[in-house]
Structure formats: C-alpha cells, structure tokens
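What follows is one structure encoded as structure tokens, with my remarks underneath.
The values are calculated or read from the model by the stated rules, or taken from the named source; none is laboratory data. Just so it is clear, the structure is predicted and the values come from calculations on it, not from any experiment. Cβ placement follows ideal geometry from the backbone for every residue including glycine, while neighbour counts extend to all protein chains displayed. Side chains included, ligands, DNA and RNA excluded: accessible areas come from the protein's heavy atoms. Shrake-Rupley method; radii C 1.70, N 1.55, O 1.52, S 1.80 Å.
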Amino acid sequence: MQSDAVALLDEAQCQELEAFLADRIYEFNSEATGYFDGKLLGASIRNEAGEVVAGLSGHTWGGCCEISYLWVSAHHRGQGLGRAILRAAEAQAVRRACSQMVLTTHSFQAPEFYERLGYERKYAIEGRPKGHSNIVFVKLLQGENGA
C-alpha cells in the first residue's frame, strides 16, 4: 500500500475511526497482558432541567482506573460536584478491583483540585499545549481488603 492512499478524515469519520482503533488496541493489549476486564466508566450530575452540569468518563482495565474527562459547568464549580463525581468513580474503581486511579490535567485546569483529593503529581509534559503543561496524576486506592 502506498502513502498516496492516505485519506484525511472529517470530524465524524475521525470519531468513528477512533472508536475502531480503541477496540483494536484493547484487543491487542488484552492478548498481550491477559487482562480482558476492560469496562467503560461514566458518571454525571444533572440539574432540575435534566442538563448535565458535571460529568466524568474513563475506563477500568487491569487493576487501574483511568479518567479521560472530568468537567463541571462553570456556573456550578466550587459546590463540591467535581469532588462528588470523582469520589463516586473511585468507589466504582474499588468495586472493580482497581488499585489505582490515573488521570491527566493541564496546568491551567485543576491540578490543585486533584492534589487536595490525594492525587500525586507524577510528571508533567511541558509545552503541551505551548506555554502550559500536561500533568499526570496517580492515586493509590484502598479497597475493603486494604489492598
């Protein structure tokens, strides 16, 4: 196959391809590690009108919970919704036998929020985006058995 056969995709096609690739990578990773327990994780808080005012998405796999997105509406920040939704995700991760949480946040987002909740800053990728950094956080979880 030649490089001139490369097709650049529109937004909808990119989303479809990303889902396809995620499935293929999961299949490969599961075969390589022996962990076939991957599950999506999501949680939301809605207002009286049914609109999402806070949400979280991620997944659990191989004893680890990775948070991809955590968002709270600007109007609802500072009311404990982010903490509540993250604690709910942590509790679900423990129920799924995870021993750690992993997430990234940008330096201009909420690194102090995660530190207050017991997340440890592991490293930062400087210049992502330019003028800022992308920070990786990890929190070890304690299950009912102390693990």
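Summary table
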| quantity | calculated |
| --- | --- |
| GluC sites (Glu not before Pro), loop per DSSP, at most 10 other Cβ atoms within 10 Å - longest free stretch of the chain | 52-143 |
| J(HN,Hα) series, the range 101-113, from Karplus relation 6.51 cos²θ - 1.76 cosθ + 1.60, nearest Hz, glycine and proline x | 10, 9, 7, 10, 9, 8, 4, 8, 9, 9, x, 5, 4 |
| Two-decimal ratio, the range 96-147, of alpha-carbon radius of gyration to 2.2 N^0.38 Å | 1.31 |
| Solvent-accessible area of Val102 with every protein chain in place, 1.4 Å probe, in Å² to the nearest 10 | 30 |
| Segment Ala49-Arg121, extension gain: residue separation times 0.36 nm, minus the distance between their alpha carbons | 22.2 nm |
| Cβ charges +1 (Lys, Arg) and -1 (Asp, Glu), total dipole of the chain, debye | 720 |
| Selection from Thr104, Leu117, Leu141, by position along the positive dipole direction of the range 87-147 (Cβ) | Thr104 |
| ³J(HN,Hα) computed for each position of the range 57-73 - Karplus, 6.51 cos²θ - 1.76 cosθ + 1.60, integer Hz, glycine/proline x | 9, x, 7, 10, 5, x, x, 10, 10, 10, 8, 8, 9, 9, 9, 10, 3 |
| Degrees between helix 81-95 axis and first principal axis of the chain (Cα, 0 to 90, nearest 10) | 70 |
| Where the range 1-83 is the region considered: accessible area per residue in Å², 1.4 Å probe | 76 |
| Nearest-0.05 FRET efficiency for Ala5 and Gln79, computed from C-beta distance (R0 35 Å) | 0.10 |
| Protein accessible area in the range 23-139, 1.4 Å probe - carbon and sulfur % | 52 |
| Virtual spin-label span in nm between Lys130 and Ser107, 7 Å along Cα→Cβ | 1.5 |
| Percent breakdown of C-alpha pair distances by 10 Å bin, ordered from the shortest bin, for the range 9-80 | 16, 34, 30, 17, 2 |
| In Å², nearest 10: area of Asp10 left accessible to a 1.4 Å probe | 80 |
| Descending principal axes extents, the chain, alpha-carbon based, whole Å | 53, 39, 37 |
